[in-house]
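Encoded as structure tokens, the structure appears first; notes follow it.
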Amino acid sequence: MTDPHGHGQIKLQYQPALPIPNGKLFLWLFLSTEIMFFAALIGVYIVIRFGAPDWPGPSKMHLVELIGAANTLVLILSSVTVVLALDAAQKDNASLARLWIAATFLLGGLFLGIKVFEYKSKFSHGIYPALPHSRMYEKPDVYFASAVRERLRVLYARIDADRAEIASKKTNLLAGPQTEDVQRQIKDLDDRDKVLADKKAEYEQAVGPVAGDANASAHALMELSKRIYPVHDEHEKNAEGEAEHESIGLNDKYPELKLPFVVTGGNMWATTYFTMTGFHALHVLAGLVAFVLLLFKRLDRTRAGIVENVGLYWHFVDLVWIFLFPLLYLF
Amino acid sequence: MAAIPHAHDDAHAHAHEHGREMSLGKFLTTYVFSFDHKVIGLQFLFSTLIWFSVGGLLALGVRWQLAWPWTKMPIVGDLFFSSTGGQISPEFYTMLFTMHASIMIFFVIIPILAGAFGNFLIPLMIGAEDMAFPVLNMMSYWFMWPAFLCMIASFFVEGGASAAGWTGYPPLSSVHSAAPASHTGQTLWVMGLIFVGVSSMMGSVNYMTTIIQMRAPGMTMFRMPMTIWGMFITAILQAFALPVLTAALFMQLMDRTIGTSYFIPEGLIVNGAPAGSGGGQPLLWQHLFWFYSHPAVYIMILPAMGMVSDMISTFARKPLFGYKPMIYSIAGIAGLGFIVWGHHMFMSGMSPWLGTTFMVSTIMIALPSAIKVFNWLATIWAARIQYTTAMLFALSFVSLFIIGGLSGIFMAATPVDIFIHDTYFIVAHIHYVLFGGSAMGIFGGIYFWFPKMFGRMMNEFWGKVHFFLTFIFFNGTFYPMHILGAAGFPRRLADPYHYETFQHLLPMNQFITVCAIGMGASQIILAANMIYSLLKGPKCGRNPWHANSLEWTAPSPPGHGNFDFQPVVYRGPYEYASPLVDDDYFPQTRPPVEGEDKLAHH
Amino acid sequence: MTEPHDTHGAGEHAHAGHGTTKQYLAVCAALMILTFVSFFTFRLLHNTQVQMTWAVMMAVSCVKALLVMLFFMHLKWEASWKYVLTIPATIMAIFLMIALIPDIKWRFETIAGGRTPSEERKVHMGYEHEPGTPAETEQGGGH
Ligand SMILES: [Cu+2]
């Protein structure tokens, strides 16, 4: 009852086994659990990737190694800034520490920004996991063929509906008085109709007859899949090691087509790529939140422990990326 | 140090008197969103006991169907199956056993041992005022609530709760169209388990930090009670194994929601349509799941082993035989536990070489387990045992664990397992270990530490009635299952009698069901005893059992901050019948007596 | 994550030592150089010697990880508790990954749906088909 708070509580003494603060011990133990989490993800990736009958190379999946390398550098830099922040905090230089934390925050943000850019470029090519079925097919089989047919049916139906609407408008206009204005509108409609008709003809020409044929041969389907999404085999590179990019697929040529396409092993690539980078990005995000919270505090010597713990976490995020970068971009 | 200021007891009583007229805010911070490890422990205790009854009722549903197949099931029949005259559907049966196992494992045994007893006992037994991180501790309890809500909600969604087995094997669990319960129910199951996992992870890191850093002066690692060792090793197991399950659960969740295909094989056709993008590997789930779930069986038994060791030594009034070997064997069980998970996958088609490796490592676990059993037996050897209810439960733990452990060696051998795989032999084994082992230990723990938790004694007579009924009905329920399993009676089938081979086993199943109902009903005695004793039980002092460990030197119930004196530890917790003192117990905090250092065991 | 209890007992821990800004910048430079080593290994060797590039890149990653842990995470200057808290997790993580590796062969041989890897892919993966073991490949193929 000597305690002023009235808890009847006395300050107990302990016999700690390790010469570090509880917070730091907690953080290292927490990192152990995190290591196991990422070990599971990476282990699964190794089995899925190296046991796969086919695995698409980076260029097939529009993955640019240089961007990955740049992101690695960004994270390394942010690791330096956070360690300098700790240094400053330990030297009781609160304003400098805050500056370094702010720099770390910006670098982390830059990393996420680049990540978003990368994700967007995948999404724009139709590379993402989706239920019940993504647009990516493993092989040019009947399911792929029927998916192409279905997509074309929807596309053509939309064009046909637009043309029917134009036709009905035109009939209405023809029934009324033929002023000059109306004449011009009719000509407009005719032009629009022609554009649509040409478009459909172009699509039909480009996709070819195979798509409409329920009994298309395997070879024809293979040709179709190559027209939609030309695959550069990673072994078909020229002498300089550069992949040849000159062939352009239908989906690139007509972005509105959004046809199903074939990348062997592509679905598992997307599955692992998005999961691993996604969980890593979530950890980066959590780090950014921690940095924002730190920015509201005076980071003098008394708070060096907190800066150190957040820093340890941030270095761990960096460590994970050090392994993810070669595994995902360079293997 | 030794003179415990008893005056404080009155002060505390007074404080509690005062507490009666506290405001709502005070009530919320004291009993609901409390940072106090004791309150959090009791919150875990009561939540899990409620789930215990839910899981038990689900099991009785399973038993009803097996004893009186396709007859009107009481209550459930009228509620959900009035159109078929109260006869349940096979899918409902599948849901019953899936949810029974999931709830019992993830919502009862694990949280009651680590969450309830771990929380309540760790700071008290090592002489700390609270956990190292009280806020984190509170969050670990409140993260259970989203899990509770997910599980409750899953019963009411279209298609019903998960029915993919507690192991949730894909592709059944990964593909929405695979079964009615593979719709939303399975998603909620996965989410519930993720929340439980996060909760356990927060708890385990907190326990480890507390045990490593916050022991009272003199409380060296090798003076800690076995309960604490059990909790400590369990926390390590959780820290290393649980993240792997969490990763696997996230993968399954993503397979189900955003369309990844970790566990959906290529070319999988479900109901005439290709299921997902494919290309994944269902076997990976089994690896990741069992990488957690085999260590999880030790997470479910090691703390109980520790608690039972303490009870046996206390009531045998003898030092625990082989204290250090007990610790090493717990550590050995935990270490070996990480390299044996493949014994759940003998039938998965993995390489026979790998199977043999897993078989050998599994059988090796018998070694440290046997050391523990022999040490318990040696502890009670020639002892003047005090047959309290807690001791009876502890002794039944030892005997039933022997039976469960032996049947485990049977199925560890690949050739035997190929025959008894997916039969009731497996069910008998798991229940001998989990109910006969862990749950008996938990019951014993409740009787043993109830006085410390609430400051009142439980009724011993009704405790013994509860014990004998539970023990008899338990064996009546689960022993015949060995015979069923040897006869090939398959588990997880709503109607095994569909096969003529199994029709003669119906009477035995009816006997089992009668015993199961009896066992369920016996638990009402426990509930009544707890509630009555909570309100009207005789008040007890600090140390009703004359036990040695630190928690018995704190007030009953301990106030905020646990100790009203600075505990200093001078010896191990098992100095019963010491020749140095007149009492037959020698608390850890009593200052050394003359000649002790010459006798020093530890 | 951080609690007021940090001040107990071990709270007054002495900073055994830490690096200088110069050291940190040197480590940073080393990390960047190593990143480029990985990158150019990929550019120059990936077409001809895949397994070689894998080995190089993993070795480089391990060195980078070690640098980060030793200098940025200050493990170089910490007392011996560092072994207690880092080695078990490292061993368990490596063990888990190694334990999953037998599945690669299993998966390579039993792709459901009957697709077998192309010869080219097998060579690429450094996978040598053992003659006379075709029956094994049908295990578990009936998904
Ligand atoms: Cu097991």
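For the protein assembly as shown, list log₁₀ I(q)/I(0) at each q in 0.05, 0.06, 0.08 Å⁻¹, using the Debye formula over Cα point scatterers of equal strength and ignoring solvent, two decimals each.
-0.38, -0.54, -0.93
Cross-link candidates for A:LYS91: which lysines have Cα within less than 23 Å, leaving aside residues fewer than 8 places away along the same chain?
Result set, ordered by chain and number: A:LYS24, A:LYS297, C:LYS22, C:LYS76.
Which of the lysines could a cross-linker span from A:LYS199 if the Cα-Cα distance has to be under 29 Å and same-chain partners fewer than 8 positions apart are dropped?
A:LYS60, A:LYS120, A:LYS122, A:LYS139, A:LYS169, A:LYS170, A:LYS187, A:LYS226, A:LYS253, A:LYS258
Based on alpha-carbon centroids, what's the gap between the stretch B:179-222 and the stretch B:98-121 in Å, whole number please?
After rounding, the separation between the Cα centres reads 10 Å.
Could you pull out every whole DSSP H run in chain B that spans at least 24 Å of Cα extent along its own axis and averages 0.0 or higher on the Kyte-Doolittle scale? Please list the in-between numbers first.
Details: long enough: B:37-67 (44 Å, 1.16); B:184-213 (44 Å, 0.96); B:226-257 (44 Å, 1.28); B:282-299 (25 Å, 0.51); B:389-412 (33 Å, 2.04); B:460-486 (39 Å, 0.76); B:506-536 (45 Å, 1.17).
TM-like helix candidates: B:37-67, B:184-213, B:226-257, B:282-299, B:389-412, B:460-486, B:506-536.
Measure out, as a whole number of angstrom, how far apart the alpha-carbon centroids of the stretch C:44-66 and the stretch A:77-118 sit.
Taking the Cα centre of each part, the stretch C:44-66 and the stretch A:77-118 sit 29 Å apart.
Hey, what do the phi angles of the stretch A:105-122 turn into as Karplus ³J(HN,Hα) couplings, whole Hz, using 6.51/-1.76/1.60 and θ = phi - 60°, x for Gly and Pro?
Values per residue, Gly and Pro as x: 4, 5, 5, x, x, 4, 4, 5, x, 4, 4, 4, 4, 4, 4, 4, 5, 5 Hz.
Jot down the radius of gyration and Dmax of the stretch A:130-225, Cα atoms only, both in angstrom.
My reading of the Cα-based Rg and Dmax gives 18.7, 58 Å.
Within the stretch A:243-315, report the chymotrypsin sites (Phe, Trp or Tyr not before Pro) that DSSP leaves as loop and that have at most 12 other Cβ atoms within 10 Å. Intermediate values should be presented prior to the final figure.
Numbers: sites: A:PHE261, A:TRP269, A:TYR273, A:PHE274, A:PHE279, A:PHE291, A:PHE296, A:TYR313, A:TRP314; in loops: A:PHE296.
The qualifying sites are A:PHE296.
Quick one: which residues, 5 or more positions from B:VAL270 or on another chain, have an amide H under 5 Å from its amide H? H modelled 1.01 Å from N in the peptide plane, none for Pro or chain starts.
B:ALA275
Round to the nearest 10 and give me the degree value, 0 to 90, for the angle of helix A:142-175's Cα axis relative to the longest principal axis of chain A.
Approximately 60 degrees, to the nearest ten.
Give me the count of lysine pairs in chain B whose alpha carbons sit under 19 angstrom apart, restricted to pairs 8 or more positions apart or on different chains.
Numbers: B:LYS26/B:LYS38; B:LYS38/B:LYS452; B:LYS38/B:LYS539; B:LYS318/B:LYS372; B:LYS324/B:LYS372; B:LYS452/B:LYS536; B:LYS452/B:LYS539; B:LYS464/B:LYS536.
For chain B, qualifying lysine pairs total 8.
Quick one: P(r) of chain B from all Cα-Cα pairs, 20 Å bins, percents rounded to integers, in order of increasing distance.
In whole percents, the pair-distance histogram is 19, 54, 24, 3, 0.
If you build a Gaussian network model of chain A, linking Cα atoms that sit under 10 Å apart, which residue out of A:GLY266, A:GLY287, A:GLY208 swings the most?
A:GLY208
Taking only C-alpha pairs under 8 Å that are 6+ residues apart, what is the relative contact order of the stretch A:15-143 in percent?
On the way: 55 pairs, mean separation 23.8, N = 129.
It rounds to 18 percent for the stretch A:15-143.
Show C:TYR24, A:TYR254 ordered by accessible area, largest first, where the area counts protein heavy atoms only and the probe is 1.4 Å.
Details: C:TYR24 0, A:TYR254 25 Å².
From most accessible down to least: A:TYR254, C:TYR24.
Mean shadow of the stretch B:301-537, computed from the convex hull of its alpha carbons, in nm²? Show your work: numbers first, answer last.
Values: hull surface 56.9 nm².
Convex hull of Cα atoms, orientation-averaged projection: 14.2 nm².
Distance between Cα centroids, the stretch A:152-176 to the stretch A:258-274: provide it in whole Å.
Result: 36 Å between the Cα centres.
Could you tell me which of A:LEU112, B:TYR207, B:PHE80 has its Cα farthest along the dipole of the protein assembly as shown towards the positive end, charges placed at Cβ (Lys, Arg +1; Asp, Glu -1), taken about the Cα centre?
Selected residue: B:TYR207.
So what is the 222 nm mean residue ellipticity for the protein assembly as shown from helices alone, if each DSSP H run of at least 4 adds -39500 (n - 2.57) and you divide by all residues, rounding to the nearest 500 deg cm²/dmol? Provide the component values of the computation, followed by the final result.
Numbers: 36 runs with 642 residues, N = 1076.
Value at 222 nm, helices only, nearest 500: -20000 deg cm²/dmol.
Which longest uninterrupted range of chain A lacks any GluC sites (Glu not before Pro) assigned by DSSP to a loop state (not H, G, I, E or B) and surrounded by at most 14 other Cβ atoms within 10 Å? Show your work: numbers first, answer last.
Details: sites that count: A:GLU236, A:GLU240, A:GLU242, A:GLU244, A:GLU246, A:GLU256.
Longest run free of exposed loop sites: A:1-235.
Rounding to the nearest 20 debye, state how big the charge dipole of the protein assembly as shown is about its Cα centre with +1 on each Lys and Arg Cβ and -1 on each Asp and Glu Cβ.
Working: 67 positive and 75 negative charges, 277 e Å.
In total the dipole reaches around 1340 debye.
Amide H of B:ARG491: which non-local residues (sequence gap of 5 or more, or other chain) have their own amide H closer than 5 Å, using H built in the peptide plane?
B:THR423, B:TYR424
Ignore the peptide's own chain and count Cβ atoms of other chains within 10 Å of each Cβ in B:267-280; give me the average, rounded. All intermediate terms of the calculation are to be shown ahead of the outcome.
Values: counts 10, 3, 3, 0, 0, 0, 3, 8, 2, 7, 15, 8, 18, 10.
Average neighbour count from other chains, rounded to a whole number: 6.
What are the ³J(HN,Hα) couplings of the stretch A:126-132, residue after residue, when phi is run through the Karplus curve with 6.51, -1.76, 1.60 and θ = phi - 60°? Round to Hz, x for glycine and proline.
Once θ is set to phi - 60°, the couplings for the stretch A:126-132 become x, 9, 6, x, 8, 9, x Hz.
Tell me which GluC sites (Glu not before Pro) from the stretch B:508-602 have a DSSP coil assignment and no more than 14 other beta carbons within 10 Å of their own.
Sites meeting the loop and neighbour criteria: B:GLU594.
Report ³J(HN,Hα) in whole Hz for each residue of the stretch A:70-78, in order, from the Karplus equation J = 6.51 cos²θ - 1.76 cosθ + 1.60 where θ = phi - 60°; Gly and Pro get x.
Residue by residue, the stretch A:70-78 yields 4, 5, 4, 4, 4, 5, 4, 4, 5 Hz.
Out of the stretch B:19-105, which trypsin sites (Lys or Arg not before Pro) are coil in DSSP terms and have no more than 11 other C-beta atoms within 10 Å?
Working: sites: B:ARG20, B:LYS26, B:LYS38, B:ARG63, B:LYS72; in loops: B:ARG20, B:LYS72.
Those satisfying the criteria are B:ARG20.
In whole percent, what relative contact order does chain A give with Cα contacts below 8 Å and a gap of six or more residues? Spell out each step's value before the answer.
On the way: 313 pairs, mean separation 110.3, N = 331.
RCO, chain A: 33 percent.
With an 8 Å cut-off on Cα pairs and a minimum separation of 6 or more residues, tell me the relative contact order of chain B in percent. Walk me through the numbers before you get to the answer.
Numbers: 1007 pairs, mean separation 94.8, N = 602.
Value for chain B: 16 percent.
The values are calculated or read from the model by the stated rules, or taken from the named source; none is laboratory data. Just so we're clear, the structure is a prediction, and the values are computed from it rather than from any experiment. Because the Cβ atoms are built from the backbone with ideal geometry, glycine has one as well, and the counts that use them run over all protein chains shown. What goes into the accessible areas is simple: the full protein's heavy atoms, side chains included, and nothing from ligands, DNA or RNA. Shrake-Rupley method; radii C 1.70, N 1.55, O 1.52, S 1.80 Å.
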